[in-house]
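Notes follow the structure.
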Amino acid sequence: MLGLVGAWLCVDAADFYVSPSGNDSNSGTSPKAPWRTLQRVNRHVADHRLSPGDGLFLEGGATFDGGLRVEHAGGGTPQSPVRITSYGRGQATLRPGLESGLLIRETGWITVSRLNFTGAPGNLGDGIRCDRDRETPERVAGLVIQDCSVTGFGWHGIMVDASQRSMGFEGVTIERCLTSSNRYAGIMVYGGNPAGRRSRPHAGVRIEDCVAVGNPGDPDERQHHSGSGIFMDGVDTAVIRGCVAAGNGAACRNERGGPVGIWAHACRRVTIEGCESYGNHSCLRDGGGFDLDGGCEESSMVRNFSHHNHGPGFLVYTYSGAAYADRDCQVRENISWNDGAQSTGYAGIQLGAEDGCEITGLVVERNTVIAPVESVAALRVMGRSIQACIRGNLVVVPAHGTLVSISGFEHRVRFEENRYWRADGKPVFLVDLQWTLPALDAWHNATGPDHRFVAVGEVFADPGLRLPRTPDFRSLRRRPSWPRLSHRFLSEFGAPEKPGIFGRRP
């Protein structure tokens, strides 16, 4: 019976073809009688809408001027999505000039694949933009973007937007896409940030095996961050897996907050796993590798590799006015190598909470932090109120470096069974940016008992760490790398020698 229903749903499905050798007066329903322009496609979609199983096929290897518009156009079903893709050999390229390459609005169950989008100098749009202009009780479902390249757009490479809407998209998949040289961000799933928000517009998002490189940020934007690689905001249940973010954010000059290679903001149950983020920058703030920010709940960063970033390798941070409390997050089995540039105040792993908010239930476990000479510390805890367990980590700094810096007011931090080493054999821990200690458990507040932190089972010992060759920043990696570190505590402390996610992948 289900099979008969599926067949009935697809009975009116039609395929339409577009080729530079075609003619807009053709039927467009076969490769032998294709349309010629994207304007003809847009006219058909506006006049007739799209039915389940419909296909829009652009000739592979060909270039088309203009963009595609799919607005209030019906759409597909879970069994029969609408397909927008290339046919024949290679991938079709869309050149929309100053506008967006593909706009999808209020239309669900669409699969976009095997297309290139290239913006012109001065572009003012997004490569692929999916947004909403209606308030409804349900999310739009079934958006899939696969194997696309998006470069040179004035806003975002790929944008899934629900600004000022309580419901956005669900069942979103973005995989094997390359986004580069887009001004505001490579990939963004954005829920807006209205004051007092108590809902997350998006749900069920998966970003996998994507690359975001050289998205610079806008030097004239001083009110908001720009230049991130991959960014999620206002999402309930999501995964970012096997992605690479490199060389993003160098032009951002926002003083309040800046870009990050891969990060989540005001999200719940987001996992960032098996990714690499390196060489990201900012003229002022942030410019780090990974981040859980602005009230993330039940989220984690697991087995990621961050290195040579301007800002922190791994940041967990919440600020005054964040829409949610930050609770029950994890930072596990990651590697931070040479993160935190000189005079930035950033560390390999950094935790911070501003006045009026707190971080609770945080676990920072089995990470390896290898700090550069110029960083403020390998691990830094700062701000007002952080409740965290920091255990089983390997922390290494060069001569004259600081292992841990802790400052602030109402923290409840437990340091447990961590391993520390400084290259000159002299342990240095910093409290309140002025008191230098040989060990965390040596701290005594002269004005009375200090319960902000406790250290148990801490060991200062040479791990015999052997580092691989510094990665080549000039080579663009399509898949994350993982440094094969060797040290004495390999089986007990710090990140695993081999990240499990890559061992499971073909």
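Bear in mind these aren't lab numbers, they're just calculated from the coordinates by the rules spelled out. The shown structure was predicted, so the numbers you read here are calculated from the model rather than taken from an experiment. Cβ placement follows ideal geometry from the backbone for every residue including glycine, while neighbour counts extend to all protein chains displayed.
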If unit charges are put on Cβ atoms (+1 for Lys and Arg, -1 for Asp and Glu) and the dipole of the chain is taken about its Cα centre, the option from 341, 248, 408 lying farthest towards the positive end turns out to be 248
Answer with a single label: of (1) 23.8, 80; (2) 24.6, 87; (3) 21.3, 66, which was calculated as Rg and Dmax of the Cα atoms in Å from the structure in view? (2)
Tell me which of 317, 191, 66 sits at the most positive position along the dipole axis of the chain, charges placed on C-beta atoms (Lys, Arg +1; Asp, Glu -1). 66
Given a Förster distance of 51 Å, report the FRET efficiency between residue 37 and residue 410 from their Cβ-Cβ distance, rounded to the nearest 0.05. 0.20
tail above 16 Å in the computed P(r) of the range 213-301, as % of all Cα-Cα pairs, reads 48 percent
Angle between the chain longest axis and helix 38-48 axis [Cα atoms, degrees, rounded to 10]: 80 degrees
At what distance in angstrom do the alpha carbon centres of the range 385-424 and the range 53-128 lie from each other? 49 Å
Ordering 51-63, 221-233, 23-35 by per-residue average of other C-beta atoms within 10 angstrom, highest first, gives 221-233, 51-63, 23-35
Hey, what D do you get for the range 117-271 in µm²/s if you plug the Kirkwood alpha-carbon radius into Stokes-Einstein at 20 °C and 1.002 mPa s? 142 µm²/s
Trypsin sites (Lys or Arg not before Pro) within the range 100-140, DSSP loop, no more than 15 other Cβ atoms inside 10 Å: 134
With charges set only on the Cβ (+1 for Lys and Arg, -1 for Asp and Glu), what does the dipole of the chain come to about its Cα centre, in debye to the nearest 20? 1060 debye
Using 0.36 nm times the number of residues separating residue 484 and residue 442, minus their current alpha carbon distance, what extension gain do you get? 11.7 nm
FRET efficiency for residue 72 and residue 498, using Cβ-Cβ distance with R0 set to 60 Å, rounded to 0.05: 0.75
In nm, the gap between the two label points placed 7 Å beyond Cα toward Cβ at residue 450 and residue 466 is 4.0 nm
List the GluC sites (Glu not before Pro) within the range 251-333 that fall in a DSSP loop (any state other than H, G, I, E or B) and whose Cβ has at most 16 other Cβ atoms within 10 Å. 255, 298
Assuming 0.36 nm per residue, please report the length gained on full extension of the stretch residue 389 to residue 475 beyond their Cα-Cα distance. 27.2 nm
So what does log10 I(q)/I(0) come out to for the range 349-506 at q = 0.19 Å⁻¹, using the Debye formula with one equal point on every Cα and no solvent? -1.23
Dipole axis of the chain (+1 Lys, Arg; -1 Asp, Glu on Cβ), positive-most option in 93, 107, 156: 93
